Structures are given as structure tokens and as C-alpha cells.
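In what follows, a structure is listed as C-alpha cells, so that the remarks can point back to it.
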Amino acid sequence: MIAPSQIAVPARPVEVRQPQGRSKFRDFIGWLLYATGLLLIAILLPADAFDPASANYFMAIGALGIWRYSLRAIHFIRAMLFLKWEYPRLRKLADAAGDSAAPSHVYLLITSFRIDAQTTADVYRASIQEAIRCGWPATLVASIVEMSDQRIIMSLWDAMQPPDRVRLKIVRIPGTGKRDGLAQGFRAISRDMPDDDAVVAVIDGDTLLQPGVISRTAPFLKLLPGVGALTTNEFCQVEGGYLISEWYKLRFAQRHLNMCSMALTRRVLTLTGRMSLFRASIITDPSFIYDVQHDALDHWRLGRFQFLTGDDKSSWYSLMRLGWDTWYVPDASISTVEHPPDPSFFKSCKQLMFRWYGNSLRQNGRAMGLGPGRLGWFTYYVLLDQRILMWTGLLGLALAVAASIRFNIFFLVSFLLWVGLTRLIMAWLLVISGHPVGPGFPLLLYYNQILGSLMKIKVSFRLDQQSWTRQKTTLDRGLNDFQTRFNRWSSNIFTFAACSLFAAFVVAMVTAPAP
């Protein structure tokens, strides 16, 4: 038997890795090239480029723009109200509360499976440090599959020698999925019978806790008695090239603004599995544990199927159903280690979008079923918008292409100029998020809109198709050959029918007589 102190742990400085920096010179050249491209497009447009008979095109583009950008503007204003008024007010109250807002016990539940040894060592080192740093009684609960992870954890624990108020529990489970790992961790915490003032941080095995994240978040669960769980700001370290790194950073910058907007009315739409803080009374509730472990959907065409991915959406829906609010702490952060699922940028985006959007759409219908009385009218509208965004995101480009074919190529050129200018403004608005903004953001914003719309359309008719990107595991429903073929062909038929109706609408808009 190998003693813990004899086990080799990947070497790494004790300090937690910080978000990656940017090259100012590279960014300057990138912004210069982007501005030059917009100028060249503008020069290509003659003054008399457009046919007066195309009034329908301009009306459609204008109406679409007013609708889409008005929602973005509302999100931005709400985010500013939260960041500049609501959150600072609550932060002062939390700081003034002092020890009276302290939790009785902090549990840090980490789920790890098929994560490289270096990342695993970094994650558990940072979590042990945070358990020590917060100053409260704490228990680290490691829900793991492989013996190699246990050896790394025990070696770190032996080397760091936490004080007696910090304990360690290791829960070994079969590799049957993250949901089972979470459920077993929840049950291990339940056996401690924590009181109502205890809190549980649910942490992914690739998440690095930044210093002070527990002490900056836990008091809010005392201060806000209606909040059942909260989540934090997120930065990323991407194991990949420049393009995929910028793509991830854009996603987290957008996430921050959206989270702030929804937190204004305490309806954050997801409790990310990367790191969210829950009341222990919720984590130990058997109905909550069942929701996370056995969440499933009954679909009129695809039948009943369990959720493989999307545990963060399941936990959010469970809290909404149980009557709890959800919240966001913008000045407490984590850093995630991102491993793109494929060397190809395009393939990585497709795989990740298929998983992310599938998780959202599988929860969308039943979340809306809770009604505006429970969700609030704005949250209800945001969920409704998720259903139609896949089509409105493609409408502008489709109208521009159709108009350029029917009237003049300059319709498409002018649309590209419009996209370039609006995405430039949208990218720079992300500066207030505190996340780094690069010259690739405007183009990536539109890339996400188009590819994201296509992937949402695909997954909306294939909600039963799920897979993890890291573990490469898929859902096996045990269907017979007829059911499998029926699901596949009916999904293809519905996709074709919906796309045909969309194309017919676009053609009708462009070819209809001008008013």
C-alpha cells in the first residue's frame, strides 16, 4: 500500500491560476483591420444602390432590428441597474452583517471524472486552500470514480495539513455519469444532518476557486432568505488556439451581463455546475436529489427519456418548482480550465452548442409551464424568446440574400456593413462586464448567432439526442429498431417542414408588392 505522502502529484505553484492576459499590440492590429474592413465595405456601396421596389425588405429588417435590439437594450439597462445600484446596496449590507451572516458549516462538493491529473491537482489544491481561507468549519466532499484521483486528493491533503475544522470525505462511485456523482455527494452531506445555516458549494472537477469566493458569497444566503442558491462570475483558461480561446471568452462576457440582468429580479436562469452555492437544506431535500439524479422529459413524439447532461438546468428548475429564488454574485469569481472537444474550431463549436442549447430547450417548455405568476413576466418572456430566437437570428441574413438575388447584390453588402457596425457596438458594450474584449468579438458574435440558430433548430427536433463532450458518453434508451427509425425520420421530416415554412416566409416578404 502506498502512503499518501509518497504519491506523486503534478507539480504546480500553490497560487491559483489567474485568467489569461491579452496582447495589446495584437489587439490593436486586430481592431485596425476590422475598422479597415468596415470602411472598405462602405466604399463599395454607391449612393443609388437600392431599388425603391424593395420597401418590404427594409420594413422587415427595420422591424426585426427594433424587436431584437430592444430586448438587448433592456438586458443591458437591467444589468447596469444591478451592477451600479442593487448589488452595491446588498454588498454593503452583507459586509455590515459580519459574523451574523456567517454559515454554520461550508461543504465543498467536487465531482471529478476523466479530467487530467494536472487539472485535478490544481482544482483540489485551490478548493482546500479556500476551505482553509474562509475561516469557517468546512468539509471537502470528493465524488470521484478513479483511484488515481483519490491518490492525488490524499497526497494534497497530507501535504497541505488543513486545520481540524476542515474535514475530508471521499465518495467513490461507478462511472455512471455526473448526475449519479452529484446525488451520491448530496446523500453523503445529508448523513451529516447539517442545520439550516449550512451551505454547499457544488463544484465541477475543472473549476478553480478564486481566493475569497466562499466568504464573498455565503453571507448572501443569510441576507436574502428567499434565495435558495446563487452562482458566480466566471473566467476561463482555454487549452487551445487563439480563435477558440476568444470564442470562450466572448461567451463568458455575455454570460456576465445576462446573469446581472436576470439577477435584478432574482431569476438567474441557470445554476452552473462549475460553481454554485446552495442552502444545505435544499441539497439534502430528497425531492431535489431525485430531480437532479433522475430528471426526465415526456415528449409527445420522442417518448420519455432521462436527461444525461444539463444538471445545472435541472437544479434551477427544481428550485423554481419548490418556490426558491436564484441569484448572482458578480464580484466573486471562479476560473475554469476549458478543453475544447475537438482540434477543429468549427467542430468544437458545434458539439458544445448542441449540448448547451439542448439543455436549455429541454427545460424550456416545462419552465414556461410554471407561468408568469411564478417566474415573473420578464423571465417568462425571456424563455419565450428562446423558442423563437433560432428563427429570428437567421431572418436578417436570409432576407438580405433573397433581396440581393431578386434586386441587387448591394443589399447583401449593406447588410454586412450593418452587421459589422452593430456587432462592433455590442462587443464594446461588453467592456463593462470586466471581461477582456478582443477584436475577434464582433465577428464571433455574428458567427454565434448564425451557427447557434442552426444548432438550435437541429436540437429542437432532436431533444432526445444527448452526449458529453469530454467523456464522449451518450444516452442509451434501449429503443427497438422501429422506435429508433421513427424518431430519426420524424425528426428529419419536422426539421425539413419547419425550414421550408421559414424559406417560404422569406420569399414572400421579398417578392410581395410594396405597400
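The values are calculated or read from the model by the stated rules, or taken from the named source; none is laboratory data. Nothing here was measured: the structure is a model prediction, and the numbers come from that model. Don't worry about glycine lacking a Cβ; one is built from the backbone with ideal geometry, like all the others, and counts go over all protein chains shown. For accessibility, only protein heavy atoms count, side chains too; no ligands or nucleic acids. Shrake-Rupley method; radii C 1.70, N 1.55, O 1.52, S 1.80 Å.
For Ser276, the residues whose modelled amide H falls within less than 5 Å of its own, excluding neighbours fewer than 5 places apart on the same chain, are Val202. Remark: spin-label model distance Asn480-Leu71 equals 4.2 nm, labels positioned 7 Å along the Cα→Cβ axis. Among the protein heavy atoms, those of Ser467 account for about 40 Å² of accessible surface (1.4 Å probe, every chain in place). Summarising the amide proton neighbourhood of Leu108: residues at separation of 5 or more, or on other chains, whose placed amide H is nearer than 5 Å comprise Thr139, Leu140, Val141, Ala201.
In summary, the lysines within cross-link reach of Lys92, defined as a Cα separation below 29 angstrom excluding same-chain residues under 8 places away, comprise Lys84, Lys222.
Karplus-based coupling profile of region 495-509, in residue order and whole Hz: 5, 4, 5, 5, 5, 5, 5, 4, 4, 5, 5, 4, 4, 4, 5, with θ = phi - 60° in 6.51 cos²θ - 1.76 cosθ + 1.60 and x standing for Gly or Pro. For region 345-454, the solvent-accessible area with a 1.4 angstrom probe is 39 square angstrom per residue.
Rounded, prolate or oblate: which fits region 207-355, taking a ≥ b ≥ c as square roots of the Cα gyration tensor eigenvalues, rounded meaning a/c under 1.5, else prolate when a/b beats b/c? Since a/c reaches 1.5 but b/c is at least a/b, the shape of region 207-355 is classed as oblate.
For region 190-303, what is the accessible area per residue in Å² when the probe is 1.4 Å? Walk me through the numbers before you get to the answer.
Numbers: 3470 Å² over 114 residues.
On a per-residue basis, 30 Å².
From the alpha carbon centroid of region 261-291 to that of region 401-426 is 42 Å. Among the listed pairs Lys347/Lys456; Lys169/Lys313; Lys350/Lys456, a Cα-Cα separation exceeding 21 Å is found for Lys169/Lys313.
From the largest down, region 209-261 spans 43, 25, 12 angstrom on the principal axes of its Cα atoms. Placing Arg355, Arg191 in order of accessible area, with the largest value first and a 1.4 Å probe, yields Arg191, Arg355. Put simply, the C-alpha atoms of the chain give a gyration tensor, and the ellipsoid matching it has half-axes of 42, 26, 23 Å, longest first.
Could you check how much of the accessible area of the chain is carbon and sulfur, as a whole percent, using a 1.4 Å probe?
Details: 14370 of 22630 Å².
That share works out to 64 percent.
What is region 170-220 by shape, rounded, prolate or oblate, if you read a ≥ b ≥ c off the alpha carbon gyration tensor as root eigenvalues and call it rounded for a/c under 1.5, prolate for a/b larger than b/c, and oblate otherwise?
It is oblate, given that a/c is not under 1.5 and a/b is not larger than b/c.
Projecting the Cα atoms of Leu230, Ile282, Val292 onto the charge dipole of region 213-298 (Cβ charges, centred on the Cα centre) puts Leu230 farthest toward the positive pole.
Near Glu338, the amide H atoms lying under 5 Å from its own belong to Gln237, Val238, Glu239; only residues 5 or more places off or on other chains count, and H is placed 1.01 Å from N. A 1.4 Å probe, protein heavy atoms only, puts the accessible area of Thr326 near 0 Å². Between helix 24-44 and the chain there is an angle of about 20 degrees, using the helix long axis and the longest principal axis of the Cα atoms. Applying the Karplus relation 6.51 cos²θ - 1.76 cosθ + 1.60 with θ = phi - 60° to region 130-135 yields 3J(HN,Hα) values of 5, 4, 6, 5, 5, x Hz, where x marks Gly and Pro. Taking every protein chain into account, the 1.4 Å probe leaves Leu352 with about 10 Å² of accessible area, to the nearest ten.
Rounded, prolate or oblate: which fits region 395-511 when a ≥ b ≥ c are the square roots of the eigenvalues of the alpha-carbon gyration tensor, with rounded for a/c under 1.5 and prolate only if a/b beats b/c? Don't jump to the answer; show the numbers that get you there.
Working: a/c = 4.15, a/b = 1.34, b/c = 3.09.
In terms of gyration-tensor shape, oblate.
Can you tell me how much longer the chain between Arg172 and Gln118 gets when fully stretched, taken as 0.36 nm per residue apart minus their C-alpha distance, in nm with one decimal? The partial results should precede the final answer.
Numbers: separation 54, 0.36 × 54 = 19.44 nm, distance 2.01 nm.
Once the chain is fully extended between Arg172 and Gln118, it gains 17.4 nm.
Expressed as an acute angle from 0 to 90° and rounded to the nearest 10, what is the orientation of the C-alpha long axis of helix 87-97 relative to the principal long axis of the chain? Its long axis makes an angle of about 10 degrees. Using a cutoff of 8 angstrom between alpha carbon atoms and counting only pairs six or more residues apart, the relative contact order for the chain works out to 20 percent. Helix 410-429 versus the longest principal axis of the chain: what is the Cα-based angle in degrees, 0 to 90, to the nearest 10? Around 30 degrees separate the two axes. Modelled label positions at Ile388 and Ser490, each set 7 Å beyond Cα in the direction of Cβ, lie 2.7 nm from each other.
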